[in-house]
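As structure tokens, the structure follows; a few thoughts come after it.
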Amino acid sequence: MMADLIEGALRHGLRVATLLAASAIVLGLGLSNLLRDLDRHEYALAQFGAMAALAVVLAGEVALFLRGRSWDRLRAPAIAVVMGATILSYATMPHRANLSSVDWVFGAANWVGVVVLLDRPLRSCLAFLLAHEATALLNLLLFGVPTQAALARFATGSVSVVGFPLCLAVMAAIVRRLGQVAADAHAEAERVRVAEEATAQAHRLRLARYDELSASTVPLLEGLAGGSLDPGDPGVRRRCAIEAARMRRLFAEADSVADPLWHELRHCADVADRKGVAVELDARGSWPVPPVAVRRDLTEAVLTVLATASSRARVTVVGGDDQVSVSVVADGDEVAAPRPASDGVLVEALRHGDLIWMEATWQLTTA
């Protein structure tokens with residue numbers, strides 16, 4: 001954040017400095033030279049038109065700066081105006097007036113062009129300055145007296161005409177590069193932070209899953225491994241079926257799906273289906289997405305009944321705008337209704353003959 005503020009301050013400072021320099025040279029030095037040598041200009045109105053065109057571009061830069069905007073699509077027309085003003089001034093300039101005080105545009109239009117191109121890559125400013133130099137040189141060769149002394153004055157004057165604006169353009173390019181480096185470093189640091197947070201979150205989830213399994217699954221596995229539990233015991237097999245369904249539900253909780261409750265119920269039913277129980281799933285209506293803890297209470301009733309089902313079972317989900325109920329009917333042994341851990345969840349159970357019915361209902365409460 002601090003790097004962005006510093007880069008923004010430097011960028012705005014360079015823009016203001018370039019604008020002030022261009023304004024001082026065009027409206028100060030350039031205008032004073034034009035007025036002082038006005039009697040030498042046969043087409044003075046054209047010279048004032050070129051001066052006004054440069055002033056309009058500078059005014060546009062002021063307006064854009066105050067609004068916090070750049071030239072964007074207006075950049076090419078603005079450069080065209082600057083080059084047009086330069087050509088107009090040279091076309092109507094007195095003969096043999098090149099590189100004298102009469103040639104006011106040589107040291108003025110260059111600054112205006114750099115003002116427009118300051119936030120562009122350095123090659124854009126360099127290309128404009130070279131085009132500006134080429135225009136002045138072409139005018140000297142065609143309409144001036146290209147003596148050795150004149151060419152020497154042109155080369156000497158070009159040092160300041162090109163050098164000073166180019167220095168500001170180089171500084172602007174350096175500031176942009178530093179800003180890009182700072183932005184890349186910030187993005188990389190953010191990426192590393194997000195990756196570390198994701199790793200930590202995944203680790204916390206693994207620990208939470210292990211804690212959940214260690215309460216019931218681990219003792220069951222230890223009992224089977226140690227021989228204290230008989231795999232042929234119907235009660236042990238029922239516990240194994242319940243824990244298998246819980247593990248599949250636990251894995252399903254990490255999946256990204258539109259309806260996590262329905263997704264987890266299908267995984268719970270898959271365990272019963274694998275042992276030969278014909279399970280039907282039915283959904284009616286729509287319902288809000290319950291929190292993870294609530295979904296566990298809703299599916300716990302289902303997987304408990306499915307673990308004892310003998311041959312058939314039917315799971316029904318009925319939802320509304322603010323509630324959802326999950327019921328299961330199956331033939332099998334009698335089981336105790338699980339006790340919900342979440343507020344707002346109610347579990348009911350009923351047995352008739354060899355059929356057992358159990359329903360878990362969740363009511364959404366709004367604060």
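Some notes on this structure:
- Among (1) within 21 Å of ARG239 (Cβ to Cβ); (2) assigned to a strand (DSSP E or B); (3) open to solvent by less than 50 Å² (accessible area, probe 1.4 Å); (4) free of Cβ contacts under 8 Å to residues at least 60 places away in the same chain - the single one SER325 does not satisfy: (1)
- A count restricted to segment 267-277 and to residues that are loosely packed, with under 12 Cβ neighbours inside 10 Å and touching a helix residue (DSSP H, G or I) at 6+ places or on another chain (Cβ under 9 Å) stands at 1.
Results for (1) modelled with pLDDT of 75 or more; (2) charged (D, E, K, R); (3) closer than 22 Å to TRP362 by Cα, shown as yes or no for each residue.
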{"site": "ALA225", "(1), (2), (3)": "yes, no, no"}
{"site": "ARG246", "(1), (2), (3)": "no, yes, yes"}
{"site": "ALA254", "(1), (2), (3)": "no, no, yes"}
{"site": "TRP262", "(1), (2), (3)": "yes, no, yes"}
{"site": "ALA269", "(1), (2), (3)": "yes, no, yes"}
{"site": "GLY276", "(1), (2), (3)": "yes, no, no"}
{"site": "ARG284", "(1), (2), (3)": "yes, yes, yes"}
{"site": "ALA293", "(1), (2), (3)": "yes, no, yes"}
{"site": "ASP297", "(1), (2), (3)": "yes, yes, yes"}
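- Residue among ALA309, ALA252, ALA244 that is buried (at least 19 other Cβ atoms within 10 Å of the Cβ), without any contact (Cβ under 8 Å) to a residue 60 or more places away in the chain and within 16 Å of ASP333 (Cβ to Cβ): ALA309
- Count - residues of segment 27-47 that are in a helix (DSSP H, G or I), at pLDDT below 80 and buried (at least 18 other Cβ atoms within 10 Å of the Cβ): 3
- Only listed residue being open to solvent by 20 Å² or more (accessible area, probe 1.4 Å) and without any contact (Cβ under 8 Å) to a residue 24 or more places away in the chain, chosen from LEU346, LEU355, LEU281, LEU364: LEU346
- Subset of segment 1-26 [at pLDDT below 80 and open to solvent by 60 Å² or more (accessible area, probe 1.4 Å)]: MET1, MET2, ASP4, LEU5, ILE6, ALA9, LEU10, ARG11, HIS12
- Looking across segment 344-367, the residues that are within 15 Å of GLU300 (Cα to Cα) and charged (D, E, K, R) come down to GLU348, GLU359.
- Where a residue in segment 52-63 is assigned to a helix (DSSP H, G or I) and its partner, wherever it lies, is open to solvent by 50 Å² or more (accessible area, probe 1.4 Å), with Cβ under 6 Å and at least six apart: ALA53/VAL81; VAL57/VAL81
Let's see how each residue does on (1) within 19 Å of GLY163 (Cα to Cα); (2) of a type in the set (A, V, I, L, M):
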{"site": "PHE48", "(1), (2)": "no, no"}
{"site": "ALA52", "(1), (2)": "no, yes"}
{"site": "PHE65", "(1), (2)": "no, no"}
{"site": "TYR90", "(1), (2)": "no, no"}
{"site": "ASP119", "(1), (2)": "yes, no"}
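- Of everything listed in (1) assigned to a helix (DSSP H, G or I); (2) open to solvent by 40 Å² or more (accessible area, probe 1.4 Å), the single unmet condition for PRO146 is (1).
- Hey, ALA301 closer than 30 Å to THR365 by Cβ, free of Cβ contacts under 8 Å to residues at least 60 places away in the same chain and assigned to a helix (DSSP H, G or I) or not: yes
- Condition met for VAL159 (surrounded by 10 or more Cβ atoms within 10 Å (Cβ to Cβ), in a helix (DSSP H, G or I) and not acidic (Asp, Glu)): no
- Flag for ARG73 being farther than 20 Å from LEU137 by Cβ, modelled with pLDDT under 85 and among the basic types (Lys, Arg): no
- Scanning segment 128-143 for residues that are more than 21 Å from LEU29 (Cα to Cα), of a type outside the set (Phe, Trp, Tyr) and either buried (at least 17 other Cβ atoms within 10 Å of the Cβ) or touching a Gly at 6+ places or on another chain (Cβ under 8 Å) (or both) returns LEU137, ASN139, LEU140.
The values are calculated or read from the model by the stated rules, or taken from the named source; none is laboratory data. No experiment lies behind these values; they were computed from the predicted model shown. Methodologically, a virtual Cβ is constructed for each residue, glycine included, from the backbone with ideal geometry; neighbour enumeration extends over all protein chains shown. Keep in mind that these areas ignore ligands, DNA and RNA; they rest on the heavy atoms of the full protein, side chains included. Shrake-Rupley method; radii C 1.70, N 1.55, O 1.52, S 1.80 Å.
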